[in-house]
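First up is the structure itself, then whatever we jot down about it.
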């Protein structure tokens, strides 16, 4: 049920779905345990019922209704029936044609076996065969033409990005010359302009990052903003320099221009794969200035000796409404993840989800209480352009300053380092001893994700 | 980062804030890295170094005045198991108001668990939560210091060592077991407390109220707080002590109230006295009568008519005016003796039908057996099912499946669920919520299955409390 609530785009969908869970709405409800599929036909207002299919393994779904909400109420209702009255589904010997069609078309979101990835890329057998057939008939000249065109496009992109970074360099110099006080005051306009130029010149990812600088600055007190501006712009300088030295580096290309596709990551033999038990620490949903919503889900590896994190990142248009990737904070599951290649691998994809794991405490990580940011600093040594870094804090507590702002402080060193917290915290949290706290450190603020306490696990995201 | 670099960084920073080149201000080691490039590139290199230095070498300056709150106390009961927290949160989310939420809390406490503090916390002013939450209420009230809230017996010596809610809880326990000791404590220590606290302490005297309490309660007639004097008067009235002399003048409120009541006779052979609400001429008079019912005591009113409390209640003509009947019931609940309250409850329940619903106002004064009888009565007569949600002070989780099947409640629920009348469905939702609090875990599970079979969506929010109930198998 938790998963269904998390998947629902909004409360109204959930409410509508609950009304559709009556058996009478579903003339057909079938399942295939072998394939991990459930499907059904839901009688809507039209003459033909809507056809709904859900993959119970990775919560992939398809419905023939015209709703622009994803998942729609019919999908949610089907999942609901499966969760509450699984006996309603009749075991089917074979899958209907429309289910087969969907299976063939879909790109698996979580349970793509790695072995089948190279070449196939999640396509159906039919599509894969078609590709093979076309490969046979394609002549060598055509292949050469296509590859040449690809090389030219790549070269054009690289040239454009290089020119974009030249403009960025000049823009940064201009900001220093004009004064960071003015930059801080007008960061919205100034960042918007250079971001637009960078988009034109194919440095799209960098443009998105620059677009977010104003909101990052505005989240701080005015006296902190100049230092934050130095950090933001300085990191851009470092990132631009790194790209120029190795423009083919996957991590740098991802940060500057475009990210590789899911299939490319899965097919990349250099991508690290980790099979472990993962806990969903929390999520962060932000509407960006470019109209996209970024949905970050942070995971913690429960089998690693030192804290290892993974980030599942999803983007979708704000107009599509709220979406979720079906993970609820506190969930624990056994899964294999593949990490996007990087100096500090963090972003990942779930390759195979094997099942849920019962809750228990976090493992006892060895903490450096003298400097809770030590792990963060170590990461910046190799990737100084990093922004929000997940960290695991040693035993500590949340305290308030005279202004009522919250700070995290280590229990072992009450007069030592204290880290300011970005958001207002629940007053209850002020009375809890935190055995360990997972948070994102932005360089100036902590964004709490979750913590372990004498009262058990705390959801803080 | 050494001191020279820190100073250099600070001056470069100031320079960049106003605008300009900072190369000449940079530490020597940084200059070496930046040198050999054009002026713009030099500044960018220095900016990159400064950014990295700010990130890795500096830490936020912690204010010296960070304040730590005392640790949240652990409660005497175990925390609700983690796996049940989502169901609990769903039930809490659906609970519309504080009263509905307190039912969820009471149900969980009745099964031997407390809630996770991040799911629910009592307010500092909370006086209705189960006693087990007293330490959290005190913590919420922000009473700082090193006072202890041990489970030792409350005495005059350790009175100040208890936080207010913990003290109230200990005192109510003491009042149940040793009322005289508790009274002496209230008498000794209560007089130095502010009126608001004094009022809550004296309110605790309704536990084990007896004739021994009369002298102390009478002494409160000189209390400086009007609310305390009024409360003491009510408690005295429950013990049959008259607040006002029966022969007071026209300014006497009891006399004024009596003037709004018509005394009559009924019966052909055995003529007996009856009391019924007088027909009034204006809404202003009705308002005044309502005020008087709220301030006058039953014992004084009965005396005014020269009868005993049970006689007055027995002669009251219930059914003539619902609003006045409710006012009478409230007056009896507030100031009637225990015997009068039970007499009225038994009489009305025996009569059944709508008059029995007035007993709802007496609920907090009734013993558990009578409360259960009334609830079962309401469940038999489907006409007044809605009244269930009005009942106060009832125990959680005792209503059996047999109680639900012994009447028309289930068929009515099924019909409401299966039908298309939205108003009726809303009524069914409310009833399910009320039953979610009252039924046993086994009955909750059966009830869910029953209404789902009748067509209710298995995920309906109104089943939230029933689901929680069903998942809490016992204390």
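Matching residues to (1) touching a strand residue (DSSP E or B) at 6+ places or on another chain (Cβ under 9 Å); (2) more than 9 Å from chain A (Cβ to nearest Cβ); (3) free of Cβ contacts under 8 Å to residues at least 12 places away in the same chain:
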{"site": "B:40", "(1), (2), (3)": "no, no, yes"}
{"site": "B:52", "(1), (2), (3)": "no, no, yes"}
{"site": "B:111", "(1), (2), (3)": "no, yes, no"}
{"site": "B:115", "(1), (2), (3)": "yes, yes, no"}
{"site": "B:120", "(1), (2), (3)": "no, yes, no"}
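Among helices (runs of 4 or more DSSP H) entirely within segment B:285-335, having at least 3 residues that are surrounded by fewer than 21 Cβ atoms within 10 Å (Cβ to Cβ) and in the same structural domain as residue B:263 (by the TED database) singles out B:309-315, B:322-335.
Filtering segment A:408-420 to residues that are under 23 Å from residue A:459 (Cα atoms) and surrounded by fewer than 21 Cβ atoms within 10 Å (Cβ to Cβ) leaves A:411, A:420.
Among the criteria (1) touching a residue at least 24 places away in the same chain (Cβ under 8 Å); (2) more than 11 Å from chain B (Cβ to nearest Cβ); (3) outside any loop (DSSP other than H, G, I, E, B), the one residue A:344 does not fulfil is (3). Among the conditions (1) more than 10 Å from chain B (Cβ to nearest Cβ); (2) within 23 Å of residue B:86 (Cα to Cα); (3) more than 26 Å from the chain's Cα centre (by Cα); (4) surrounded by fewer than 21 Cβ atoms within 10 Å (Cβ to Cβ), the only one that residue A:370 does not satisfy is (2). As a summary of the residue check, residue A:291 satisfies the conditions (1) surrounded by fewer than 16 Cβ atoms within 10 Å (Cβ to Cβ); (2) under 23 Å from residue A:437 (Cα atoms) except for the one numbered (2). Filtering segment A:275-289 to residues that are in contact (Cβ under 8 Å) with a residue 40 or more places away in the chain and in contact with a helix residue (DSSP H, G or I) (Cβ under 6 Å, 6 or more places away or on another chain) leaves only A:289. Going by the structure shown, is residue A:230 surrounded by 22 or more Cβ atoms within 10 Å (Cβ to Cβ) and within 13 Å of chain B (Cβ to nearest Cβ)? Spelling it out, residue A:230 is indeed surrounded by 22 or more Cβ atoms within 10 Å (Cβ to Cβ) and within 13 Å of chain B (Cβ to nearest Cβ).
The rows are residues; the columns are (1) in contact (Cβ under 8 Å) with a residue 40 or more places away in the chain; (2) under 25 Å from residue A:78 (Cα atoms).
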{"site": "B:409", "(1), (2)": "no, no"}
{"site": "B:434", "(1), (2)": "yes, no"}
{"site": "B:445", "(1), (2)": "no, yes"}
{"site": "B:462", "(1), (2)": "yes, yes"}
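Listed by position, the helices (runs of 4 or more DSSP H) enclosed by segment B:405-457 that each have at least 1 residues that are under 27 Å from the mean Cα position of the chain (by Cα) and on the phi < 0 side of the Ramachandran plot are B:422-438, B:441-453.
When A:460, A:440, A:434, A:449 are screened for being touching a residue at least 24 places away in the same chain (Cβ under 8 Å) and within 18 Å of residue B:68 (Cα to Cα), only A:434 passes.
A quick yes/no check of all residues on (1) touching a strand residue (DSSP E or B) at 6+ places or on another chain (Cβ under 6 Å); (2) in contact (Cβ under 8 Å) with a residue 40 or more places away in the chain:
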| residue | (1), (2) |
| --- | --- |
| A:249 | no, no |
| A:253 | no, no |
| A:267 | no, yes |
| A:310 | yes, no |
| A:315 | yes, no |
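Among the residues of segment A:436-461, those that are more than 23 Å from the chain's Cα centre (by Cα) and closer than 18 Å to residue A:301 by Cβ comprise A:436, A:452. Candidates B:66, B:58: the one that is buried (at least 19 other Cβ atoms within 10 Å of the Cβ), at the interface with chain A (Cβ under 9 Å from one of its Cβ atoms) and within 30 Å of residue A:402 (Cα to Cα) is B:66. Mind checking whether some residue in segment A:108-115 is over 26 Å from the mean Cα position of the chain (by Cα) and either modelled with pLDDT of 80 or more or not in a helix (DSSP H, G or I) (or both)? No, because not a single residue in segment A:108-115 is over 26 Å from the mean Cα position of the chain (by Cα) and either modelled with pLDDT of 80 or more or not in a helix (DSSP H, G or I) (or both). For residue B:164, are the conditions met, namely being more than 13 Å from chain A (Cβ to nearest Cβ), under 18 Å from the mean Cα position of the chain (by Cα) and more than 30 Å from residue B:389 (Cα to Cα)? Yes.
Applying the set (1) under 21 Å from residue A:350 (Cα atoms); (2) surrounded by 21 or more Cβ atoms within 10 Å (Cβ to Cβ) to residue A:58 leaves exactly one unmet item: (2).
State all residues of segment A:14-39 that are within 16 Å of residue A:64 (Cα to Cα) and touching a residue at least 40 places away in the same chain (Cβ under 8 Å); if no residue qualifies, say none. Matches in segment A:14-39: A:17, A:20, A:25, A:26, A:29, A:38, A:39. Among the residues of segment B:18-48, those identified as crowded, with 20+ Cβ neighbours inside 10 Å and under 60 Å from the mean Cα position of the chain (by Cα) are B:47, B:48. Taken over segment B:54-90, the criterion of being free of Cβ contacts under 8 Å to residues at least 24 places away in the same chain, in contact with a helix residue (DSSP H, G or I) (Cβ under 8 Å, 6 or more places away or on another chain) and more than 22 Å from residue B:165 (Cβ to Cβ) is satisfied by B:55, B:56, B:86. When only residues in segment A:233-263 that are closer than 21 Å to residue A:347 by Cβ and out of contact with any helix residue (DSSP H, G or I) (no Cβ under 8 Å at 6 or more places or on another chain) count, which is farthest from the other protein chains (Cβ to nearest Cβ)? Filtering segment A:233-263 for residues that are closer than 21 Å to residue A:347 by Cβ and out of contact with any helix residue (DSSP H, G or I) (no Cβ under 8 Å at 6 or more places or on another chain), the one farthest from the other protein chains (Cβ to nearest Cβ) comes out as A:263.
Residue by residue, here is whether (1) in contact with a strand residue (DSSP E or B) (Cβ under 8 Å, 6 or more places away or on another chain); (2) closer than 30 Å to residue B:130 by Cβ; (3) more than 7 Å from chain A (Cβ to nearest Cβ) holds:
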residue: B:16; (1), (2), (3): no, no, no
residue: B:34; (1), (2), (3): no, no, yes
residue: B:43; (1), (2), (3): no, no, no
residue: B:72; (1), (2), (3): no, yes, no
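For segment A:269-280, the criterion of being within 14 Å of chain B (Cβ to nearest Cβ), assigned to a helix (DSSP H, G or I) and surrounded by 20 or more Cβ atoms within 10 Å (Cβ to Cβ) is met by none of the residues.
Within segment A:58-76, one or more residues are touching a helix residue (DSSP H, G or I) at 6+ places or on another chain (Cβ under 6 Å) and within 11 Å of chain B (Cβ to nearest Cβ).
So that you can scan it fast, the table gives a plain yes or no per residue for (1) in contact with a helix residue (DSSP H, G or I) (Cβ under 9 Å, 6 or more places away or on another chain); (2) away from chain B (no Cβ under 11 Å); (3) within 22 Å of residue B:64 (Cβ to Cβ); (4) assigned to a strand (DSSP E or B):
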{"site": "A:352", "(1), (2), (3), (4)": "yes, yes, no, yes"}
{"site": "A:362", "(1), (2), (3), (4)": "no, yes, no, no"}
{"site": "A:377", "(1), (2), (3), (4)": "yes, no, no, no"}
{"site": "A:391", "(1), (2), (3), (4)": "yes, yes, no, yes"}
{"site": "A:404", "(1), (2), (3), (4)": "no, no, yes, no"}
{"site": "A:407", "(1), (2), (3), (4)": "no, no, yes, yes"}
{"site": "A:413", "(1), (2), (3), (4)": "no, no, yes, no"}
{"site": "A:440", "(1), (2), (3), (4)": "no, yes, no, yes"}
{"site": "A:444", "(1), (2), (3), (4)": "yes, no, yes, no"}
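The values are calculated or read from the model by the stated rules, or taken from the named source; none is laboratory data. Just so it is clear, the structure is predicted and the values come from calculations on it, not from any experiment. Cβ: placed from backbone, ideal geometry, glycine included. Neighbour counts: every protein chain shown.
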